[in-house]
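Take a look at the structure set out below.
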Amino acid sequence: MNQRSLGKAREASAPRPGAARALASLGVALALCGSAHAQAASGIERLVTSDAARALASDDAVTRGEAALVVAIGGARRHQAEILALASDPAPAARRRALLALGLMATPAAVQRLEEELRTVEGREGLDGVFAAYALGLVPVDQAGTSVARTLTLFRRGSWKRQRDVLLALLLAMGTQPERTELGALRLLREEDANRDELVRTALLELLLPVDHSLQQRDLERLLRRGAAGERRAVVRHVAHRPADANDPWTATLLRLADRDRDADVRRLALLGLARRRHLPALAVAARALRSDDAAERTQAVESMLAIGGASMRGVLEAHLLDERDLLRLGALLEGFRAPPSERLLARAAAIGGDSGAPPATRVAAAELIARADPDRAAPMLRDQFRRLDDKDLLHRVARALHRVEGEPTELSRLMDLPAALDQHVDRWQALLAAGHAQARRHVLAVLQDREADVQDRRHALVAWRKAMVLALPDKAPEALRDAMR
């Protein structure tokens, strides 16, 4: 919605007249209250998909591309021809988003189109190829058939350097779909002498570890000694997440890595593996890790001590949390403490959560701890934090916690400053949408249904919905892909 209309409304939740009429037309079927929450939410999602379909013919390239991504999930078959046509759109902003949408559609025609895009050397060296490859990797294994395996074998032709971004996009997206079946093609690529790129080799290894049963412990131990940082982390992550009873031969190695490795990520993952085995000697290692300079390792240390020591560790950890004076370090410790807190710890968490001078991450961790034990006490604190924080990840954590503790969603006017325009509070909108905030979802729907909304309004609505509800590119996604989507 435009700022002028929202400024007149004086309510963050109130759309301008055209949007208000659109919302009113939904009637009581979309009233989000009581046991009707889930039904109404799914109704809104269907309506958003339907209204987004009208934007497939927009004059604005980004808008029609974003519409393709939104429609690809809920209305793929009905609008398949339109999205396939958009995959050849002359405007890169529309064409590349439509290629990505084909992976979400995952229909036979969509998979065939993506495979064709990557069939030539030229197709595997350009930015369109990055989008097509990532899309093909997103297709579920049972719908991809042999398309991914055939495409992987093609990368052995041509320049590894020029094809690198496209191959990496395919491999990283493949990692989002479990139980890969392209064992032979993945092996050949990893064994290729010309393949020296660390990120590519790590991505290949991550895909191979769950399915290549020829990899023995001695092979993985060799990678731990000689592999690059990413490969070492991949090995330890794989071992840590295996069934606990399968890790007996790895116990000594995990204990050594958790205690002495130079890489904090390796130490953390090893500690996780030991916690899943309830390995009692790892308690001492976890206790030392409470003093780590790495926040994620401190969080894992608390979780491991609780997992291994159970209730007997609660008092020890509470004493440590109450004594810790460094608030920056304390945040990670509070985040890992999932045991019922005492009144003393709750009181300290409340003091920190409401202290505007405390580190933001520590304030959020304190509020989350209170939310797990006393939802009513946490709600006002979480609302205040949501209004004041700027960090995207923290906003998502606060929105999720607030959604859990509230019976009815907080009015938008209490969560963000006026005007509540989709282009002015981007991270807050995405956090609320992702957390399931009903009014935020209705607001996006109202924008799409408002016949008077301008192109920018529709674009912002589609982008917000796509990032929160359809596809948000992870940090691991190729930089070229993320840059083009911006």
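Which value in nm describes the separation of the simple spin-label points at residue 122 and residue 344, placed 7 Å from the Cα toward the beta carbon?
7.3 nm
Using the heavy atoms of the protein chains and a 1.4 angstrom probe, tell me the accessible area per residue for the range 215-357 in square angstrom. Walk me through the numbers on the way to the answer.
Values: 6780 Å² over 143 residues.
For the range 215-357, the solvent-accessible area averages 47 Å² per residue.
With the Cα gyration tensor of the range 240-317 giving a ≥ b ≥ c as the square roots of its eigenvalues, does the rule (a/c under 1.5 for rounded; else a/b larger than b/c for prolate; else oblate) give rounded, prolate or oblate?
Because a/c hits 1.5 or more and a/b fails to exceed b/c, the range 240-317 counts as oblate.
Can you tell which of 410, 346, 463 lies farthest toward the positive end of the dipole of the range 345-486, using +1 and -1 charges on the Cβ of basic and acidic side chains (Lys, Arg; Asp, Glu)?
346
Of the labelled options (1) 66, 63, 35; (2) 65, 64, 57; (3) 78, 55, 40, which one gives Cα extents along the principal axes in Å as computed for this structure?
Here the calculated entry is (1).
Within the chain, what whole-number % of the accessible surface is contributed by carbon and sulfur, with the 1.4 Å probe and all protein chains included in the calculation?
Working: 10590 of 21560 Å².
Roughly 49 percent, rounded to a whole number.
For the chain, what number of Lys pairs, 8 or more residues apart or on separate chains, have alpha-carbon atoms under 28 Å from each other?
Details: 161/476; 392/467; 392/476; 467/476.
Counting lysine pairs in the chain gives 4.
If the viscosity is 0.692 mPa s and the temperature 37 °C, what translational diffusion coefficient in µm²/s does Stokes-Einstein give for the range 264-419 when Rh comes from Kirkwood over Cα pairs? Walk me through the numbers before you get to the answer.
Values: Rh = 16.1 Å.
D, rounded to a whole number, is 204 µm²/s.
Using every alpha carbon pair in the range 186-293, what percent of pairs falls into each 10 Å bin from 0 up to the bin containing the largest distance?
Going out from 0 Å in 10 Å bins, the range 186-293 shows 14, 47, 28, 9, 1 percent.
Between residue 149 and residue 280, take the C-beta separation as r, use R0 = 41 Å, and let me know the FRET efficiency to the nearest 0.05.
Values: r = 45 Å, r/R0 = 1.09.
With R0 = 41 Å, the Cβ-Cβ based efficiency is 0.35.
The values are calculated or read from the model by the stated rules, or taken from the named source; none is laboratory data. Computed from a prediction, not measured in an experiment: that's the story for all the values here. Glycine gets a Cβ as well: all are built from the backbone with ideal geometry, and neighbour counts include every protein chain shown. Keep in mind that these areas ignore ligands, DNA and RNA; they rest on the heavy atoms of the full protein, side chains included. Shrake-Rupley method; radii C 1.70, N 1.55, O 1.52, S 1.80 Å.
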